[in-house]
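Throughout, read-outs are computed from the coordinates displayed, never taken from laboratory work. Everything numeric here is computed off the predicted structure, so don't read it as measured data.
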Amino acid sequence: MANIKEFVREMALNQCRQNASATTKSELNMSGSSTAANLMCDQAVEMLGWMIAAELDVLSNRAVAAVVVALYVVVIIVGTLGSLLVFVSVVSTRQMWTATNVFIANLALTDLVVCAFDLPLTLHYQVGCTMSYTTPHTI
C-alpha cells in the first residue's frame, strides 16, 4: 500500500511541476530556478494527501466502523435474498415469462451479483484498509 501511495504522490508531483513550468515559464526563465514551483507543488500534493487521509479517518473510529459494517451486512443479506427470490419466481413460473418480467429478472440477477460479490469486497476494502493504517496519512 505504501508503494502505491508513493507512486501516486510522485505522479502528482510530476504533473504539478509540468503544469507549473508550462504556466510560469517566463517567471522561471527570469529567476533561473524552479524552487517556487517545486514548493508550490509539494504543498499541493501534501494538501491532497491530508484531504484523502481525512476522508479515510472517519472509519478509523471503531463505533463508526461497526455501524458501517452492520449496515453493509443488512444490505448484503436483504439485497441478496430479495433479488434471489425475484429471479427464482420469474424463472420458475411459466406465466411470468413476459417481456417486462424478463427485464425485471435480469435486473434482479445483476442486483444479486452486486449484493453477493461487489458489496462484500467493497466492505472489506473500506474497513480493512482503514483499520490497517499505522503510519501518518500522506500520499
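Length gained on full extension, Cys129 to Arg62, computed as 0.36 nm times the residue gap minus the Cα-Cα distance: 22.8 nm. Within the stretch 61-131, the ratio Rg/Rh, alpha carbon atoms throughout and Rh by Kirkwood, equals 1.17.
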